[in-house]
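The values are calculated or read from the model by the stated rules, or taken from the named source; none is laboratory data. Predicted model, so just to flag it, every value in this text is computed and none were measured. Using ideal geometry, Cβ is built from the backbone for each residue, glycine included, and neighbour counts are taken over all protein chains shown. What goes into the accessible areas is simple: the full protein's heavy atoms, side chains included, and nothing from ligands, DNA or RNA. Shrake-Rupley method; radii C 1.70, N 1.55, O 1.52, S 1.80 Å.
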Amino acid sequence: MKPEFPIAEALPELAYPARGEDTPSPELLILNEPLARDLGLDPSWLRSAEGVKYLLGQAGGFALAYAGHQFGQYNPLLGDGRALLLGTFQGYEVQAKGTGRTPFSRGGDGRGPLDAMLREYLISEYMHAVGIPTTRALAVLTTGRKIQRRMVVPAGVVVRVARSHLRVGTFELVRNNGTPDMQARLEEYAWSLFPGGVNAVAERQCRTVAEWMGIGFVHGVMNTDNTSISGETLDYGPCAFLDMHDPAASFSSIDTQSRYTYGRQPAILQWNLAQLGFSGDFVSLFSDALQQVFARKLGTPDPAKINEWFASLAGKDHTLAHASLEGENPQVIPRNFVVQRALDAANEGDLRPFEELHAVLLRPYEKPPAEYQQTAEVYTTYCGT
Ligand code: AMP
Ligand code: MG
């Protein structure tokens, strides 16, 4: 198999060839076989020793450069410090995260904890199941290493799939440090994949963030390097779902200023789109998107009813309040404590709770067993880097 890398051909200045580090005893824990087949990848090959090496980036790949505003501060060079692009298949990029150091790793080890990788798998596949634009998850592997984070934990790799990994931060890097020729090639490449330029990026992102508001998703780290051009939800580090509806909800241990709370997500999106150069009417674009989401969830397009409903949500369980309505509302979300319990078991080598939860989450409109619907009060996520 010879993967293609159209982004590296179009913008070689942004793509650094790199190889995944050796792994003591790698194991493929989870493979999304239907997704593999959609990509034209043979599941039995992916399960072979050669396939596993490929998924760990050991057959080579590319680390992509980008810049970005992190918590409002501009960082002129970020890039894939622990991820490698493995190729483009059927129009989708496959990228492995946690594969070891790259030219962009700075002080980091290029690795990631297994539980964070499983978390990304679970939540991104849930988002897909409820129709929210997102990267998908193809696989999770263990490497056989232990790494030091808050505790010593097993390391893992998640392999994810996106229409594109171009982000607002890619445009910031090229605008600030690229040549006019690079700028032209970036735009040609990006807008041939996604016609409509910056305005269409804004429309897609408004739709995505409006869906987050509908389902009670708090991304937690809406830096411009995590805001994709495709509109796909990108980077499931410290994200979490609301239990109680609360505009001030923030779960991430690294978001000490509460910049990325549930209620601030639209304003942050507006700010991020401004960094991309969007100068259209954000307020009307976003309110149209939000109106569409809540009209569907409430079964009425009446803006007065939607406003009244939104005001009545404070202090109620966001998911259960919606699930009690007629209309198109999920009965289940990846509840923080349930997810944590499954990840703790996985860290101890028991994948059964993860698999049970995964199966429940892939049928979001069915009433789950009661334990999956319990409301919790407080929760903190640790970004897992
Ligand atoms: P994230 O918060 O995952 O979007 O990462 C922000 C930046 O930090 C990106 O440039 C990552 O590649 C980099 N990064 C995160 N974790 C690590 C790590 N363990 N080693 C090297 N770079 C990392
Ligand atoms: Mg990121």
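Only one of (1) of a type in the set (S, T, N, Q); (2) in contact with a Lys or Arg (Cβ under 7 Å, 6 or more places away or on another chain); (3) in a helix (DSSP H, G or I) is not met by Q331, so which one is it? Failed condition: (3).
Within the range 167-181, if we keep just the residues that are more than 10 Å from L276 (Cβ to Cβ) and open to solvent by 10 Å² or more (accessible area, probe 1.4 Å), the residue that is nearest to ligand 1 (Cβ to nearest atom) turns out to be L173. Restricted to the range 1-27, and to residues there that are charged (D, E, K, R) and not in a loop (DSSP other than H, G, I, E, B), the residue that is farthest from Y66 (Cα to Cα) is E27.
Screening D235, D255 for residues that are in contact with a helix residue (DSSP H, G or I) (Cβ under 8 Å, 6 or more places away or on another chain) and either assigned to a helix (DSSP H, G or I) or under 21 Å from A116 (Cβ atoms) (or both) leaves exactly one candidate, D235. Any chance the range 45-59 includes a residue that's open to solvent by less than 60 Å² (accessible area, probe 1.4 Å), within 16 Å of ligand 2 (Cβ to nearest atom), farther than 23 Å from A359 by Cβ and not in a loop (DSSP other than H, G, I, E, B)? Checked against the condition, which is being open to solvent by less than 60 Å² (accessible area, probe 1.4 Å), within 16 Å of ligand 2 (Cβ to nearest atom), farther than 23 Å from A359 by Cβ and not in a loop (DSSP other than H, G, I, E, B), the range 45-59 yields no hits at all. Looking at the range 88-98, can you tell me whether even one residue there is within 13 Å of ligand 1 (Cβ to nearest atom) and part of a loop (DSSP other than H, G, I, E, B)? Yes, the range 88-98 has at least one match.
Scanning the range 164-200 for residues that are of a type in the set (A, V, I, L, M) and assigned to a helix (DSSP H, G or I) yields V168, L173, V174, M182, A184, L186, A190, L193, V198, A200.
Among the residues of the range 63-84, are any over 24 Å from I254 (Cα atoms) and open to solvent by 30 Å² or more (accessible area, probe 1.4 Å)? Checking the range 63-84: not a single residue is over 24 Å from I254 (Cα atoms) and open to solvent by 30 Å² or more (accessible area, probe 1.4 Å). Quick check on this structure: which one of A184, A129, A116, A137 is open to solvent by less than 10 Å² (accessible area, probe 1.4 Å) and modelled with pLDDT of 95 or more? Going through A184, A129, A116, A137 in turn, the sole match is A137.
Scanning the range 65-82 for residues that are within 11 Å of ligand 2 (Cβ to nearest atom) and part of a loop (DSSP other than H, G, I, E, B) turns up Y66, L78, G79, D80, G81, R82. If you filter the range 232-275 down to residues that are β-branched (V, I, T) and at pLDDT below 95, you find that the one that is nearest to Y372 (Cα to Cα) is I254.
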